[in-house]
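Here the structure comes first, spelled out in structure tokens, and everything after it is commentary.
The values are calculated or read from the model by the stated rules, or taken from the named source; none is laboratory data. Computed from a predicted model, the values in this text were never measured in an experiment. When we count neighbours, we look across all protein chains shown, and the Cβ atoms used for this are built from the backbone with ideal geometry, even at glycine. Heavy atoms of the whole protein, side chains included, go into the accessibility calculation; ligands, DNA and RNA do not. Shrake-Rupley method; radii C 1.70, N 1.55, O 1.52, S 1.80 Å.
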Amino acid sequence: MGTGDMRQEVAALLERQLSGWELAGSNYAALNGVQTRELRIGDARFKVQHNPARVTSTAAKVDPATIKARPCFLCKENRPPQQEGLLWGSGYEILVNPYPIFPRHLTIVSRTHEPQSIVSRIADMMLLAADLADFVVFYNGPRCGASAPDHQHFQAGNKGFIPLDCDLAEHGEWQTVASGGGARLNLVANLGRVAFVLDAVSVDAGTAMFERLYNAMPADGSGEEPMLNILCWIEEGARWRIVVFPRAKHRPSCYYATAEEERMLISPASVDLSGVVIVPLQKDFDRLTAASLGQILDEVCIGEEVAKSIAERMKQNN
């Protein structure tokens with residue numbers, strides 16, 4: 001899947017932006033020299049990336065008062081004049097993310113200012129993954145890592161960068177939750193965090209199964225969508241894979257710790273849960289251990305018992 005024209009247009013956009021926009025060019029060049037190291041939680045691998053340029057996103061204040069007081073940086077009128085947009089689909093623009101995690105990092109934004117929400121846009125995410133077949137598309141919920149929860153957007157990074165894909169195949173413990181209509185949903189454990197993995201042969205099949213999962217997830221009464229992060233990509237044989245990480249909380253307790261020796265500026269979102277942990281500060285990069293990362297994941301992700309209750313609700317509501 002994915003048209004050759006779209007791949008060429010995205011490649012040309014990246015080339016133009018990296019050569020003609022100093023901020024983007026320097027940040028992508030700096031990405032080549034970032035420090036990385038590997039941690040393991042059981043068999044699951046996590047690449048820890050010391051990325052100072054991501055401090056603004058990691059430390060973003062996303063409370064309603066702050067969001068209301070600042071201009072939206074994803075709206076066209078507030079973007080840097082050097083930032084180009086490539087029209088996609090019915091109402092989106094593809095942008096080069098000037099603060100990259102991936103060697104090729106895109107942000108796909110709605111052309112209208114509307115809140116971050118996934119339930120009516122999972123089909124858009126799947127179609128985007130089909131057109132960007134060399135990329136993994138990801139979505140951060142409004143309370144799960146989105147630094148612009150007031151403006152609908154996805155992100156995408158080149159395939160082959162996140163450990164999750166291989167770890168699912170090599171180390172995941174799979175349990176089928178639901179299947180039929182061209183889609184199968186599995187609960188996958190043994191990876192240091194719980195994930196639901198949805199495989200689908202069509203957009204309609206994937207949308208229907210995702211909506212069943214979404215409706216079975218616990219709500220907190222706030223009126224917002226369930227807390228979640230999502231990754232989506234195309235597998236061989238024109239098959240979609242959607243990985244859903246239900247969340248228990250936005251940020252871990254170490255993020256808010258008052259004692260310097262306990263505080264770490266780590267705010268997990270989709271990329272972190274996929275196995276690339278972003279750490280903006282050198283001191284936190286140096287002292288993060290497998291044990292402390294495991295504690296962070298235990299705090300922000302749901303446990304197996306909650307996941308099993310979601311699976312049971314799906315079966316009851318079928």
query = Condition test on Ser179, is it closer than 18 Å to Tyr214 by Cα and either within 16 Å of the chain's Cα centre (by Cα) or of a type outside the set (Phe, Trp, Tyr) (or both)?
reply = yes
request  = Of the conditions (1) in contact with a strand residue (DSSP E or B) (Cβ under 9 Å, 6 or more places away or on another chain); (2) at pLDDT 95 or above; (3) surrounded by fewer than 19 Cβ atoms within 10 Å (Cβ to Cβ), Gln82 clears all except one; give me its number.
outcome  = (1)
message = So Val109 passes all but one of these: (1) more than 28 Å from Gln35 (Cα to Cα); (2) in contact (Cβ under 8 Å) with a residue 40 or more places away in the chain; (3) outside any strand (DSSP E or B). Which condition number does it fail?
response = (3)
request  = Would you point out the residue of segment 189-213, among those that are surrounded by fewer than 21 Cβ atoms within 10 Å (Cβ to Cβ) and in contact with an Asp or Glu (Cβ under 9 Å, 6 or more places away or on another chain), that is farthest from Asp124 (Cα to Cα)?
outcome  = Asn190
remark   = The correct count of residues that are assigned to a strand (DSSP E or B) and β-branched (Val, Ile, Thr) in segment 180-200 is 2
key: Top-ranked residue in segment 277-308 [being free of Cβ contacts under 8 Å to residues at least 12 places away in the same chain and not basic (Lys, Arg); ranked as surrounded by the fewest Cβ atoms within 10 Å (Cβ to Cβ)]   = Glu305
ask   = Which of (1) in contact with a helix residue (DSSP H, G or I) (Cβ under 6 Å, 6 or more places away or on another chain); (2) farther than 24 Å from Ser309 by Cα is the odd one out, the single condition Ala148 does not satisfy?
value = (1)
message = Out of the residues in segment 247-263 meeting the condition of being among the aliphatic types (A, V, I, L, M) and either open to solvent by 20 Å² or more (accessible area, probe 1.4 Å) or in contact (Cβ under 8 Å) with a residue 60 or more places away in the chain (or both), tell me which one is farthest from Asn140 (Cα to Cα).
response = Ala259
Pairs with Cβ under 7 Å, 6+ apart, first in segment 49-75 and among the small types (Gly, Ala, Ser), second surrounded by 13 or more Cβ atoms within 10 Å (Cβ to Cβ) and outside any helix (DSSP H, G or I) = Ala53/Tyr99; Ser57/Tyr99; Ser57/Ser147; Ala59/Leu265; Ala60/Ser147
query = In segment 298-309, which residue that is in contact with a strand residue (DSSP E or B) (Cβ under 7 Å, 6 or more places away or on another chain) and part of a helix (DSSP H, G or I) is farthest from Gln35 (Cα to Cα)?
reply = Ala307
ask   = How do the helices (runs of 4 or more DSSP H) wholly within segment 1-67 filter down when requiring 2 or more residues that are modelled with pLDDT under 90: which remain?
value = 4-20, 55-58
inquiry  = Just the residues that are open to solvent by less than 10 Å² (accessible area, probe 1.4 Å), in contact with a Ser or Thr (Cβ under 6 Å, 6 or more places away or on another chain) and part of a strand (DSSP E or B), please, taken from segment 126-172.
reply    = Phe138
query = Is there any pair with a first residue in segment 210-222 that is within 16 Å of Thr176 (Cβ to Cβ) and a second that is small (Gly, Ala, Ser) and at pLDDT 75 or above whose Cβ atoms are under 8 Å apart and which are 6 or more apart or on different chains, and what are they?
reply = Arg212/Ala178; Ala216/Ala311
key: Residues of segment 85-106 that turn out to be assigned to a loop (DSSP other than H, G, I, E, B) and either within 20 Å of Val136 (Cβ to Cβ) or open to solvent by 60 Å² or more (accessible area, probe 1.4 Å) (or both), as a count   = 10
